[in-house]
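Here is the structure we will look at, set down as structure tokens.
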Amino acid sequence: MSAADEPAGAEAAGPVPPAARVSNLNVANFLTLSRLVLVPVFVLALFAGGGSDTGWRYVATVLFAIASLTDQVDGWVARRYGLITDFGKIADPIADKALTGAALVGLSALGELSWWVTIVIAVREIGVTLLRFWVIRHGVIPASRGGKAKTLTQIAAIVAYLLPLPSGADPVCWVLMGIAVLLTVVTGFDYVLRAVRLRAAGRAVAKS
């Protein structure tokens with residue numbers, strides 16, 4: 001599902017209808033697990049050669065791109081073929097945050113990205129994940145345009161930092177990451193408001 005925010009492609013907020021039991025052994029969950037498996041491989045590639053080896057940086061970038069692609073595909077597969085499971089709902093956001101977090105922490109540890117950027121994004125992403133679990137029995141919050149833009153901008157910014165680009169490209173990296181941080185914070189507040197409203201609506205329906 002979505003790399004770092006709301007479940008991508010959800011059509012509308014509201015109570016989740018009961019569904020027929022689906023086996024956890026399915027393609028969508030396999031893609032999610034493959035993303036988790038790729039995280040430590042990506043980290044090893046990122047730090048190989050002291051983090052400055054050009055060849056390994058390209059490998060790390062490709063691994064991150066592939067993992068990010070599975071993030072977009074697994075949710076679509078789950079919805080298209082009715083493979084949504086409780087395991088997937090839990091594993092998918094964990095895999096998303098593990099991938100993004102590993103990239104940001106790795107770049108900060110290498111001294112290429114300010115720690116405050118990593119901390120701001122990490123706090124927001126973890127908070128949103130906890131909010132998702134908090135309201136999940138009341139319904140699903142639909143993906144917003146801002147959330148989708150945030151996800152794509154985060155991916156683009158991380159890829160720009162991962163690539164062994166010349167120093168002349170630094171301003172581009174800073175702008176991309178700045179936009180990503182701004183969208184991360186703004187959509188985080190929006191998610192909190194919508195989560196509170198959804199929970200309130202769900203509790204009202206349960207009492208009626």
Probe radius 1.4 Å, ligands and nucleic acids left out: which of 130, 104, 38 has the largest accessible area, and how do the rest follow? 130, 38, 104
Obtain the nm distance between the two label points defined at residue 65 and residue 130 by a simple spin-label model: each point lies 7 Å from its Cα along the Cα-to-C-beta direction. 3.6
Globularity index of segment 103-206, i.e. its alpha-carbon radius of gyration over 2.2 N^0.38 Å: 1.27
So which trypsin sites (Lys or Arg not before Pro) in segment 81-137 pass both tests, a DSSP loop state and at most 15 other Cβ atoms within 10 Å of the Cβ? 137
Which order do you get for 37, 105 if you rank them by accessible area with a 1.4 Å probe, largest at the top? 37, 105
Given the protein chains as shown and a 1.4 Å probe, how many square angstrom of residue 76 are accessible, to the nearest 10? 130
Probe radius 1.4 Å, ligands and nucleic acids left out: which of 125, 112 has the largest accessible area, and how do the rest follow? 112, 125
Packing-based ranking, highest mean first, of 61-70, 45-54, 152-161 given that Cβ atoms within 10 Å are counted: 152-161, 61-70, 45-54
Can you give the local net charge around residue 182? Use residues other than it whose beta-carbon is closer than 13 angstrom to its beta-carbon, Lys and Arg +1, Asp and Glu -1. +1
Can you give the local net charge around residue 161? Use residues other than it whose beta-carbon is closer than 14 angstrom to its beta-carbon, Lys and Arg +1, Asp and Glu -1. -1
Which log10 I(q)/I(0) values does the chain give at q = 0.11, 0.14, 0.17 Å⁻¹ under the Debye formula, counting every alpha carbon as one identical point scatterer? -0.53, -0.82, -1.14
Check the chain and count each lysine pair with an alpha-carbon distance under 19 angstrom, considering only pairs eight or more places apart or from different chains. 4
Alpha carbon convex hull of segment 25-104, projected area averaged over orientations, nm²: 4.8
Only Lys, Arg, Asp and Glu count, each charged at its Cβ (+1, +1, -1, -1), so figure out the dipole size of segment 82-208 about its Cα centre, rounded to 20 debye. 820
First compute the accessible area of the chain with a 1.4 Å probe, then give the percent of it belonging to carbon and sulfur atoms. 72
Estimated FRET transfer efficiency (residue 120, residue 193; beta-carbon r; R0 25 Å; 0.05): 0.85
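The values are calculated or read from the model by the stated rules, or taken from the named source; none is laboratory data. The shown structure was predicted, so the numbers you read here are calculated from the model rather than taken from an experiment. When we count neighbours, we look across all protein chains shown, and the Cβ atoms used for this are built from the backbone with ideal geometry, even at glycine. Accessible surface is based on the protein model in full, side chains and every heavy atom, while ligands, DNA and RNA are left aside. Shrake-Rupley method; radii C 1.70, N 1.55, O 1.52, S 1.80 Å.
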